[in-house]
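The values are calculated or read from the model by the stated rules, or taken from the named source; none is laboratory data. Keep in mind it's a predicted model, so treat the numbers as computed, not measured. Quick reminder, even Gly has a Cβ in these numbers, built from the backbone with ideal geometry, and neighbours come from all protein chains shown. Heavy atoms of the whole protein, side chains included, go into the accessibility calculation; ligands, DNA and RNA do not. Shrake-Rupley method; radii C 1.70, N 1.55, O 1.52, S 1.80 Å.
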Amino acid sequence: MFTHVQSAAMSAAINSPIERRGNLSLDRTTLIGVANAERQRLGRTIQYAEPETWEQPSACPGWWNRDVMAHLGAQDTAAAQLLNGEPAVELDEYRESIEDAEFTVDGFNAFVVNRRAGLPNREVLTLWGKAADAFLALASGLDDEAWRTKRVAWLSGDIAPRYLVQSRVVEWWVHGEDMRATNGLGPQIQHWPIYLTADLGIRMLPWALGRAGLSFPGRSVRIDLEGAGEGSWHWGLSPGEVPPADKEPDAYISGRAPQFALVAARRIDAQDVLDSGNVAVGGVVEIAAEILRHIRCYP
């Protein structure tokens, strides 16, 4: 569950600057294009999935494949409503239903999935497609000033439109992998969604470590990933800390970007990815190991 302090810490982490190697920063046009491509890719996953697989378990524990799409439909609807300056109806209904209890993202997800349990599969899938299209149209229609300065009151704090778009791409790719892992369609190894998943997990590191009761003031990590999703990051491990350009990182992580992204998505165990050799650690290995144990690309 989240306190106001934790929400503020997450917002600061996601919206803060980051050092990258090469020309890896996405401009607005590219990011919207990547988001549209990922929406279409997930649409093809839906189109080609055998009908019976919607009533089968996904790789997301506790959810069938149809539940994954119910979750995405609810979150994309809320994202579109908020981006359009409207109330997020189901978010408000969930908050009313829990009265004085603490808001949790897991609780909201369960709330929206359960209330769609009686809908036909086709309706669940159609609702997601309409919500995703509406969200992308609204994001594309923002003027330059709104794109730079607007903040959206998202699940665990206010974030800029750029990072709301990024979060939706990450959700579409990760949950697409959840479904493709069990419906026979196989993985989609695509550069930009993998890169954006790793990037979001790295941005959220100070929050994720704090959530686990860990604090590394003044420390930083260098992360170098190769393959689809490749990139390099030098990131401070305490909220608001940006390492100076001449600072030597305290910890190092390197390896294959797809596997690192799935660790950030909590789909691959940190120890498994180290044992396989797909990811390696250096420097202060205890810090690097804690990063892999606790990194996550969602609240």
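A few points about this structure:
- In the chain, helical runs assigned H by DSSP with n ≥ 4 each contribute -39500 (n - 2.57); averaged across all residues and rounded to the nearest 500, the mean residue ellipticity at 222 nm is -17500 deg cm²/dmol.
- Angle in degrees between helix 65-83 and the longest Cα principal axis of the chain, rounded to the nearest 10: 80 degrees
- Per residue, the convex hull spanned by the Cα atoms of segment 187-280 amounts to 97 cubic angstrom.
- Surface share of carbon and sulfur [accessible, 1.4 angstrom probe, percent] for the chain: 51 percent
- Furthest towards positive pole of dipole, Ala181, Leu196, Gln166, structure part segment 107-213, Cβ charges: Ala181
- By the Cα gyration tensor, segment 128-250 has an equivalent ellipsoid whose semi-axes, rounded to whole angstrom, run 28, 21, 14 from largest to smallest.
- Largest-first ellipsoid semi-axes for segment 56-197, taking √(5λ) over the Cα gyration tensor eigenvalues, angstrom: 24, 21, 14
- With respect to the chain, whose longest principal axis is taken over its alpha-carbon atoms, helix 121-141 is tilted by about 60°.
- The rule of thumb for compact globular proteins, 2.2 N^0.38 Å, goes into the C-alpha radius of gyration of the chain 0.97 times.
- Computed from Cα atoms, the angle from the helix 191-203 axis to the main principal axis of the chain rounds to 70 degrees.
- Solvent-accessible heavy-atom area per residue, rounded to whole Å², over the chain at 1.4 Å: 43 Å²
- Formal net charge of residues neighbouring Ser238 (Cβ-Cβ distance under 15 Å; K, R +1; D, E -1): +1
- Applied to segment 225-230, the Karplus parametrisation 6.51 cos²θ - 1.76 cosθ + 1.60 on θ = phi - 60° returns per-residue 3J(HN,Hα) values of 10, 10, x, 4, x, 4 Hz, with x for Gly and Pro.
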